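Okay, so here's the structure we're looking at.
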Amino acid sequence: PETLFQAASMSKPLAALLALVLADEGVVSIDADVNESLRSWKVPPNEFTAKQPVTLRGLLSHTAGVTVHGFPGYAPGTEIPTPVQVLDAEPPTNTAPIRVDTEPGTLWRYSGGGYTIAQQMLEDVTGVPYATLLQQRVLEPLGMSSSTSEQPLPARLHERAATAYRSNGSAVRGRFHTYPEMAAAGLWTTPSDYARFALAIQRSLRGEAGTILKRETAEDMLTHIMGSYGIGVAVAGAGDSLRFSHGGANAGYRSNFVAFARSGAGIVVMTNSDNGAPLAQEIILAAARVYGWPGIAHQVITPMALAPATLDEYTGTYHVADVELTVTRDGDRLMLAQDDGEPLELVPTATDT
């Protein structure tokens with residue numbers, strides 16, 4: 001229970017919560033132009049920002065038109081950039097510049113880069129380093145005593161950290177990567193600690209005394225904006241099935257959580273392998289079946305036979321964000337492999353699905 005995992009993109013809901021806590025206090029506005037608050041860096045103006053400004057609401061809901069999907073992290077022994085260097089892709093950054101290339105508010109597109117802008121804004125407004133700010137305003141109030149966004153992970157916590165594993169079963173060199181993009185990917189936590197975050201949102205939605213968010217702010221967080229997203233979390237269902245969730249994928253870690261807005265039910269699954277996502281999903285589906293959770297069930301599919309020439313059209317190498325995927329044909333089957341991991345069968349359910 002004390003083992004630490006990288007939450008990866010499950011860091012984002014905590015960053016969104018931090019922003020909303022500060023918004024409730026009037027420290028920030030989630031609907032104002034972020035350049036009014038940024039001091040150490042500015043969103044470069046262009047024809048897109050001239051039409052609509054970039055706001056915290058847009059950054060936290062992936063609707064701000066910002067680039068850079070995710071981050072590969074930095075192996076031990078390599079130089080770690082500052083967040084400002086990451087924003088401009090200055091050496092030793094290993095990702096592209098974070099820029100606005102679409103009119104804000106017109107498109108849902110997942111962007112860890114947007115959360116890095118939000119991280120810098122929250123630091124600039126408060127004058128407090130992000131990891132310290134999250135610790136003081138979110139982790140400590142929620143009793144998340146086994147969580148930190150300190151990057152690199154402090155040496156005193158190394159013995160508690162789960163070693164990360166690649167899809168072929170080999171350990172990540174140096175055990176795990178460092179992520180200066182703390183708001184997007186830098187949280188270290190335990191499943192039990194992360195559940196305390198979900199419980200805090202549920203209590204805020206009930207309007208209980210002493211909750212971390214105002215009730216109306218918690219409702220706003222779980223209000224659909226675009227692309228199945230609210231503020232910081234994916235939102236699905238309605239009524240008794242209304243639920244919020246997020247997944248996470250860092251080098252050698254895969255995790256997921258889902259929590260129901262009204263009932264107080266939920267689950268957090270964290271794994272230390274690139275192969276962990278299917279396992280986490282099966283555990284969530286099993287829990288949903290045992291506890292009778294609405295809206296979560298195994299998807300029943302009907303396979304469709306495709307002509308060999310059609311199958312051949314899908315073969316090749318694909319780049320999705322920072323991941324390389326290879327599709328090959330094995331007789332009348334299509335197989336998908338990530339890096340050098342074990343291939344998985346792709347089952348056609350339609351001519352284009």
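Quick notes on this one:
- Taken together, Ala8, Ala19 contain a single residue that is farther than 26 Å from Val320 by Cβ, of a type outside the set (Lys, Arg) and within 19 Å of the chain's Cα centre (by Cα), which is Ala19.
- Enumeration of residues in region 173-220 that are of a type in the set (Asp, Glu), under 25 Å from Leu56 (Cα atoms) and surrounded by fewer than 24 Cβ atoms within 10 Å (Cβ to Cβ): Glu216, Glu219, Asp220
- For region 19-65, residues that are touching a Pro at 6+ places or on another chain (Cβ under 9 Å) and charged (D, E, K, R) total 3.
- Selection from region 44-93 of residues that are surrounded by fewer than 19 Cβ atoms within 10 Å (Cβ to Cβ), polar (S, T, N, Q), over 19 Å from the mean Cα position of the chain (by Cα) and not in a helix (DSSP H, G or I): Asn46, Gln52, Thr78, Thr82
- Count of residues meeting criterion [more than 30 Å from Ala286 (Cα to Cα), assigned to a loop (DSSP other than H, G, I, E, B) and open to solvent by less than 90 Å² (accessible area, probe 1.4 Å)] in region 322-350: 1
- Meets criteria (of a type in the set (S, T, N, Q) and open to solvent by less than 10 Å² (accessible area, probe 1.4 Å)) for Ser170: no
- Note on region 114-145: residues that are polar (S, T, N, Q), touching a residue at least 12 places away in the same chain (Cβ under 8 Å) and open to solvent by 20 Å² or more (accessible area, probe 1.4 Å) amount to 3.
- Only one of the listed residues (Thr317, Thr353, Thr310, Thr271) is open to solvent by less than 60 Å² (accessible area, probe 1.4 Å), over 22 Å from Leu187 (Cα atoms) and of a type in the set (S, T, N, Q). That residue is Thr310.
- Residues of region 311-353 classified as among the acidic types (Asp, Glu) and touching an Asp or Glu at 6+ places or on another chain (Cβ under 7 Å), total: 2
This table checks each residue for (1) more than 23 Å from the chain's Cα centre (by Cα); (2) under 26 Å from Thr178 (Cα atoms); (3) in contact (Cβ under 8 Å) with a residue 40 or more places away in the chain.
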position	(1), (2), (3)
Arg254	no, yes, yes
Ala261	no, no, yes
Ser273	no, yes, yes
Gln299	yes, no, no
Thr302	yes, no, yes
Thr326	yes, no, no
Leu346	yes, no, no
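- Yes/no for Arg254 being closer than 30 Å to Ser204 by Cα, part of a loop (DSSP other than H, G, I, E, B) and touching an Asp or Glu at 6+ places or on another chain (Cβ under 9 Å): no
- Unmet requirement for Thr310, which otherwise passes all of (1) under 30 Å from Val172 (Cβ atoms); (2) more than 24 Å from the chain's Cα centre (by Cα); (3) assigned to a helix (DSSP H, G or I): (1)
- Identity of the residue in region 1-43, of a type in the set (Gly, Ala, Ser) and either touching a His at 6+ places or on another chain (Cβ under 6 Å) or part of a loop (DSSP other than H, G, I, E, B) (or both), that ends up surrounded by the most Cβ atoms within 10 Å (Cβ to Cβ): Ala7
The values are calculated or read from the model by the stated rules, or taken from the named source; none is laboratory data. This one's a predicted model, so the numbers in the text were calculated from it and none came from an experiment. Neighbour counts run over all protein chains shown; Cβ positions are idealised from the backbone, glycine included. These area figures cover heavy atoms from the full protein model, side chains too; ligands, DNA and RNA do not enter into them. Shrake-Rupley method; radii C 1.70, N 1.55, O 1.52, S 1.80 Å.
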